[in-house]
1. Leaving ligands, DNA and RNA out of it, rank THR279, THR232, THR293 by accessible area with a 1.4 Å probe, largest first.
2. Quick one: 3J(HN,Hα) in Hz for the stretch 198-204, Karplus 6.51/-1.76/1.60 with θ = phi - 60°, rounded, Gly and Pro as x.
3. How large a share of the accessible area of the stretch 149-221, in percent, is made up of carbon and sulfur atoms when the probe is 1.4 Å and the other protein chains stay in place?
4. Ranked from the most accessible area to the least, with a 1.4 Å probe and all protein chains present, what is the order of CYS163, CYS274?
5. For GLN275 and ASP196 in the same chain, what is the full-extension length gain: residue separation times 0.36 nm, less their Cα-Cα distance, in nm?
6. Kindly give Rg over Rh for the stretch 146-252, based on alpha-carbon atoms, with the Kirkwood expression for the hydrodynamic radius.
7. Can you list residues whose amide H is under 5 Å from GLY220's amide H, if they're 5+ apart or on another chain and H is modeled 1.01 Å from N?
8. Please list the non-local residues whose amide H lies under 5 Å from the amide H of ASN261, H modeled 1.01 Å from N, same-chain partners needing a gap of 5 or more.
Amino acid sequence: IFVKYNYNYNCIAMMSTNSAAAMALRSLRTKSIKPSIATIATSAATATTTSTSTNSNSNSTTYNATPPHRHRHPHHLHLYQSRSQSSLAEGKKKTLILTKKSQDVHGNMQLSKSWRNKPLFRRQGDVRFRTGLEAANLLVEEARRRDDHETQFIDSVESTMQCLSPIFERNPRYAFVAKQLMEPERFVQFRVPWLDDTGVIRMNRGYRIQFSSSLGPYEGALHFGSHVNSATVKSLGFDQVFSNGVTGYPLGAAVGGSDINPFDKSEAEMQRFCQSFMTELVKYIGPDVDLPTMG
């Protein structure tokens, strides 16, 4: 008995050389219920057994009602096995190629050599490095050349680059990434006028430095204090890049604040100052742009 399958119905036709099996199928079709495969196979097998017992001299052959796709021809099985083996060999070959290209998480020696041959800086001639410590020293010298007066930022860069020097040794391309991280994407400085309790207009400086948005929108604290200046904000923003990077959240790095001293101000004065501060800061922040937090 040969059963042809259809995915919408259990069984749509049954063909047999035995007329008794065909009669059993027609008797099931006359009923209003939809026969299942097991019912048809059982009825056909019963009818075939009855026909075989009455016609003992005739040679009747009964086939199993198993879907044809479950019986693979030996030649087809051989082709299936050969294709599986070939696909497995191709996968191993691709893995081997990738292993040869990368060799480890830090890259192979050929890739490291190509990055070392690139100049880290191009001022008055190409400046290259051979070791990770040399790359860290070059980055610190570049930060000192640009912002020599910002001692806090220089100290932060120096301590960070010294810690990253082993990474520069293993994979020199991260030195070029660190060169970009040293420079903020945007530095906003604005005035904050506000009215004190005696009716005198006071003036302070507001800062917001947006260092990196590689992972997502900027996120960072606001700091109020008489010690806050551009060097302090820049140093804190550089540290915020790595602080937000290790959290695993899609957040960039930014820091802001003002040089106001909140300890000698009344509550009404701080309220007027904060209103003036946020009136100017709101031009540069937003849900998908910058997320200020508490300092």
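1. Working: THR279 90, THR232 15, THR293 55 Å².
Heavy-atom accessible area, descending, gives THR279, THR293, THR232.
2. 8, x, 8, 7, 9, 9, 9
3. Numbers: 1940 of 3810 Å².
Ligands and nucleic acids excluded, carbon and sulfur reach 51 percent.
4. Working: CYS163 100, CYS274 50 Å².
From most exposed to least exposed: CYS163, CYS274.
5. Gain in length upon complete extension: 27.2 nm.
6. Details: Rg = 16.7 Å, Rh = 15.6 Å.
That ratio equals 1.07.
7. Residues meeting the criterion, in which the H sits 1.01 Å from N, are ALA254, LEU291, THR293.
8. none
The values are calculated or read from the model by the stated rules, or taken from the named source; none is laboratory data. Computed from a predicted model, the values in this text were never measured in an experiment. We place every Cβ from the backbone using ideal geometry, glycine too, and count neighbours over all the protein chains shown. All accessible areas refer to the heavy atoms of the entire protein, side chains included, with ligands and DNA or RNA removed. Shrake-Rupley method; radii C 1.70, N 1.55, O 1.52, S 1.80 Å.
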